[in-house]
Amino acid sequence: MKENHYELHGGLRVKSKIYLDVCCYNRPFDNQSQVKIRLETEAKLYIQSAVRDGKHSLVWSYMHDYENSDSPYEDNKKAIALWKTIADEIFRSSDKILALGKEITKLGIKEKDSLHIACAVESGCDYFITTDKKVLNKTVPNIKIVSPIAFIIETEG
């Protein structure tokens, strides 16, 4: 795992690949009365700004499409779906993803979250960014699972 969001590669700086899960994309639409939620929202918006500025490479997957389509809030759905057009890479389902997802569920992670993480791992992401406390408390080989706040502290510090 990289110690910061850039890796020296032949003297050139290479961007980190990041994967935000759907709860992270939804954070700005949550009730902002709790300080933790407001801070996570600000961190998530900052990360998205950094993606737009080319500081990070964003991965989108078929799981984003699937989970976002379940949202009952049309405006939220549209705002989140726009990130598919901004993503540097769109990752599709495969037998390998499904098999890895099944392995990840054995770590005590729910199926949808496991498939998101499998997509992030298989696409070579450095970070899986989430606000889901149950996922944040897990360790998955080959990817670092962090909150938006922890991601900024780690990559900007």
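The values are calculated or read from the model by the stated rules, or taken from the named source; none is laboratory data. Since this is a predicted model, take the numbers as computed values, not measurements. Note that we place each Cβ from the backbone using ideal geometry, even for glycine, and neighbour counts take in every protein chain shown. For the accessible areas, the whole protein counts, side chains as well, though only heavy atoms, and no ligand, DNA or RNA atoms are used. Shrake-Rupley method; radii C 1.70, N 1.55, O 1.52, S 1.80 Å.
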Residues of region 60-76 being surrounded by 15 or more Cβ atoms within 10 Å (Cβ to Cβ) and either in a loop (DSSP other than H, G, I, E, B) or over 16 Å from the mean Cα position of the chain (by Cα) (or both), which ones?
-> SER71, ASN76
Taking only region 108-135 into account, find how many residues are over 14 Å from TYR19 (Cα atoms) and either touching a Pro at 6+ places or on another chain (Cβ under 9 Å) or open to solvent by less than 70 Å² (accessible area, probe 1.4 Å) (or both).
-> 2
Contacts under 7 angstrom Cβ, first residue in region 105-116 being free of Cβ contacts under 8 Å to residues at least 12 places away in the same chain, partner loosely packed, with under 13 Cβ neighbours inside 10 Å, 6 or more apart = THR105/GLU111
Would region 18-32 turn up any residue that is more than 13 Å from the chain's Cα centre (by Cα), modelled with pLDDT of 95 or more and loosely packed, with under 11 Cβ neighbours inside 10 Å?
-> yes
Look through region 29-53, keep the residues that are assigned to a helix (DSSP H, G or I) and of a type in the set (Asp, Glu), and return whichever of them is nearest to ILE129 (Cα to Cα).
-> GLU40
